[in-house]
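Accompanying notes for the structure given below.
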Amino acid sequence: MVNLGVIGLGTMGANLARNAARNGATVAVYNRTTETMSAFISAHGGEESFVACKTLKELVAALKPPRAILLMVKAGEAVDAMIADLLPLLAKNDILIDAGNSHYRDTERRQRELEKKGIRFIGMGVSGGEEGALKGPSMMPGGDRSAYDVLEPLLTNMAADDGAQGKCVAYIGPGGSGHFVKMVHNGIEYGIMQLIAESYDLLKNAGMTNAQLADAFASWNSNGEQRSFLLEITAQIFRTKDPETGKDLLDVIRDRAGQKGTGKWTTEAAMNYGFCIPTINAAVDARILSGCAGCREGWKGVPAELSNDSAPADWTEHVRHALSLSTITAYMQGLTLLGYASEAEKWDLQLGEIARIWRGGCIIRSALLPILQDAYGKNPEKGTTAIRKRFAAEAQRQWRSAVAHGVGRGVPLPAMLASLAFYDGMRRERLPQNLIQAQRDFFGAHGVGRTDREGTFHYSWNG
C-alpha cells in the first residue's frame, strides 16, 4: 500500500490521516504548528502507524519515492505557499494531492506549473464532513491520471460504500475537474439545505412544534423514496436541547448562515457555461440575505397584506411533496451543469458515475441518487421515466399548493419558487422570451429567429 504524507491536521486532515492509516498506509503527519501535530500523535498515535514530523524535510524523508503527499490546508494562498515550500524537497514523479475546496481554475494552474517540474498533481474533492473523512467519504479526484492509478488502491479502501458493492471514489477527469465536481456538489448541497429550511418555515408558520417537526422529518426520512442524510440530521436537530438553558437548541441559534464560497463559485460557473441553476442561485442569495443584518433591520416588523386562508388538513403532505420535487430539480440543475462544463472543457465527465460516488459518504447522499445514476448514465430511459413518475399529478398539485399558501402567508420561499419555475420552464413548449427578443430587436436591431423558417431577421416595429 502506498505510503502517504498528510499536511494539515485540522479535523478533516486528521481524520483522513487516521482513515488512510487504518486502511494500510504508513502515514507521515505534519502541521504548521508543531503543537497540533504533537496533540494528534498523543491522541491517536497508538491507533495505527503514524510518523510524527516536525518539519517538511522530515515529512518528505519519511516517505518512499514516488512520494504521495495530501494537503489539507485552507484554499487559496495557503495552498500555493505550501507547494512553494515543498517543491525544493520533492523529486520527479512525486504526487501532491490538494484535498481542500480549491477553485478549479487554481487547480488547473497548479497542475500546469507542477507538470513542468515533473511533479504529478491531483485536485480531489472530499465530502462527508468529519465523520465521513474518518469512516469513509465520497472522493472526487481529478488531474494526473497516472497519479490516480498509484493512489487508487488506498483511496478505494478509504472511501465509503456506495450501497451497490462499489466504493464512492472514481477518477473524475483531467485538469480541475475533480474540484469542479466537488464545487457543484456543494452547490446542490446549498440548494437542498435551503429547501429543507423553507419546508421547516412553512410548517413552523402553520403552528407545528419542534417535537412535531422532528417526527415529521424523521417520518419523511424513513420513506425509502425520500431518505437522505440531510433529512436525517434535520430530525435530530429539532430534538436537540441547549445544555445551558434547556430550551430547544435550534431556537437560540441566530438566523445567519455562513458560506465559504463554493456556492457562489457554482453560480458563477453556471453563468459562464450558459446553464440555469435557479434553485442553487436562490439558496446562495438566501444565505447572503440572512447575513445582511443592516439591510434587514429597517424592514423588520413592516406589515404585509397576508392571506387568512388556513393550511389544508394534509398540510404536512403538501410540504413533503414540495420538498421532494424541489430537491429533484436541485440535483438536475447540478448534474446538467456538470454536463455543460464537461463539453466546454473536454473533460468527458461520466455523470452517472458521479451520481454513483455520491450515493455514500457525502453530504448530499440520498435515495434519489440511484435513479439519477440511471438517468444521467447508462440507463437514461429507465432513470428519466422514474424521475417523471415523481412529478405525478397529485404530487404536483400539492407542490403548487404549498408554494401558493406559503406566499400568501408571507413565508419567503426563494428556492422552492425557483424550483417550481425551473420545472415549469423546462416542461413548457413555448416560453415568453419571444417578446424579449422582439424588444431587443425593437431597440437594438439584434434580430429575431422565426418559427417558420431558418435565419435571423430584423423588423421595423413602429407599426
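Evaluating 6.51 cos²θ - 1.76 cosθ + 1.60 at θ = phi - 60° for every residue in region 163-178, the Karplus couplings come out as x, 9, 6, x, 10, 7, 8, 7, 5, 7, x, x, x, x, 4, x Hz, glycine and proline recorded as x.
Less than 12 Å Cβ to Cβ from Ile364, Lys/Arg counted +1 and Asp/Glu -1: what total charge do the surrounding residues give?
On the way: positive: Lys182, Arg359, Arg365; negative: Glu189.
Result for the local shell: +2.
Between the helical axis of 77-86 and the longest alpha-carbon principal axis of the chain there is an angle of about 20 degrees. Positive-end ranking of Pro414, Leu155, Met332 along the dipole of the chain, with charges on Cβ about the Cα centre, is headed by Leu155. Think of it this way: in the chain, Cys53, Cys168, Cys276, Cys362 stand alone, with no other Cys Cβ under 4.7 Å.
Each of Ala211, Pro174, Thr234 was scored by the projection of its Cα onto the charge dipole of region 156-248, and the greatest displacement toward the positive side belongs to Pro174; charges sit on the C-beta of Lys, Arg, Asp and Glu. Take every DSSP beta bridge whose two residues both sit in region 112-237; close to 90 percent of them are antiparallel. Modelled label positions at Lys346 and Lys378, each set 7 Å beyond Cα in the direction of Cβ, lie 2.7 nm from each other.
To the nearest ten degrees, helix 34-44 and the longest principal axis of the Cα atoms of the chain are 90 degrees apart. Taking amide H atoms as placed 1.01 Å from N in the peptide plane, the amide H of Lys167 lies under 5 Å from those of Asp162, each 5 or more residues away in sequence or on another chain. In this simple spin-label approximation, Ala421 and Ile288 carry label points 7 Å from Cα along the Cα→Cβ vector, and these lie 1.4 nm apart.
How high is the FRET efficiency between Arg430 and Ser222 when r is their beta carbon distance and R₀ equals 45 Å, given to the nearest 0.05?
Details: r = 41 Å, r/R0 = 0.92.
Efficiency, from the Cβ-Cβ distance: 0.60.
Across the options Asn19, Val6, Val51, the greatest Cα extent toward the positive end of the charge dipole of region 1-76 (unit charges at beta carbon of Lys, Arg, Asp, Glu) belongs to Val6. For the pair region 1-80 / region 111-165, the C-alpha centres are spaced 15 Å from each other. When +1 charges are put on Lys and Arg Cβ atoms and -1 charges on Asp and Glu Cβ atoms, the dipole computed for region 330-432 relative to its Cα centre reaches about 420 debye. Less than 5 angstrom separates the built amide H of Val6 from those of Ala28, Val29, Tyr30, Leu70, all sequence-distant by 5 or more or on a different chain. If one takes the longest principal axis of the Cα atoms in the chain, at what angle in degrees, from 0 to 90 and to the nearest 10, does the Cα axis of helix 210-222 lie? It is inclined by approximately 80 degrees. Helical content alone sets the calculated 222 nm signal of the chain at -17500 deg cm²/dmol, taking -39,500 (n - 2.57) per DSSP H segment of four or more residues and averaging over every residue. Matching the structure-derived Rg/Rh (Cα atoms, Kirkwood Rh) against the labelled list (i) 1.08; (ii) 1.02; (iii) 0.95 gives the label (ii). Assuming charge only on the beta carbon of Lys and Arg (+1) and of Asp and Glu (-1), the dipole of the chain about its Cα centre is about 460 debye to the nearest 20.
Could you work out the relative contact order of the chain, using alpha carbon pairs under 8 angstrom and six or more residues apart, expressed as a whole percent? Don't skip to the answer; put the middle values down first.
On the way: 775 pairs, mean separation 60.6, N = 463.
Computed value for the chain: 13 percent relative contact order.
Where nothing but the Cβ of Lys and Arg (+1) and of Asp and Glu (-1) is charged, how large is the charge dipole of region 119-222 around its Cα centre, in debye to the nearest 20? Charge dipole, region 119-222, about its Cα centre: 200 debye, nearest 20. Highest mean packing comes first when the peptides 240-253, 193-206, 297-310 are listed by Cβ atoms within 10 Å, giving 193-206, 240-253, 297-310. Could you tell me whether region 330-463 comes out rounded, prolate or oblate from its Cα gyration tensor? Rule is a ≥ b ≥ c as square roots of the eigenvalues, rounded for a/c under 1.5, then prolate if a/b exceeds b/c, otherwise oblate. Because a/c hits 1.5 or more and a/b fails to exceed b/c, region 330-463 counts as oblate.
The simple Förster model, with R0 at 51 Å and r as the Cβ-Cβ distance, assigns Ile233 and Gln439 a FRET efficiency of 0.60.
Figure legend: label point modelled 7 angstrom from the Cα of Asp255 along Cα→Cβ; residues of region 178-205 with amide N under 17 Å from it are 194-205. The amide H of Gly125, built 1.01 Å from its N in the peptide plane, has Met140, Gly142, His179, Lys182 as neighbours under 5 Å, considering only residues 5 or more places off or on other chains. Compute the label zone of Arg22 within region 338-365: residues whose backbone N is under 20 Å from the point 7 Å along Cα-to-Cβ. Only 358-365 fall inside the zone, counting backbone N under 20 Å. Along the Cα-to-Cβ line of Asn308, 7 Å from the Cα, sits a label point; which residues in region 189-214 have backbone N less than 19 Å from it? Within reach of a label on Asn308: 206-207. Per-residue 3J(HN,Hα) values for region 51-59, derived from phi via the Karplus relation 6.51 cos²θ - 1.76 cosθ + 1.60 with θ = phi - 60°, read 10, 7, 10, 8, 9, 5, 4, 5, 4 Hz in sequence order (x marks Gly and Pro). Bridge orientation summary for the chain: considering DSSP beta bridges with both residues in this region, about 35 percent are antiparallel.
Taking packing as the residue-averaged number of other Cβ atoms within 10 angstrom, the listed peptides 13-24, 41-52, 160-171 run from highest to lowest as 13-24, 160-171, 41-52. From the alpha carbon centroid of region 389-431 to that of region 283-359 is 12 Å.
Quick note: the coordinates plus some simple rules give every number you see, no bench work behind them. All of these numbers come straight from a predicted model, not from anything done at the bench. Reconstructed Cβ throughout: ideal geometry from the backbone, glycine too, with neighbour counts over all protein chains shown.
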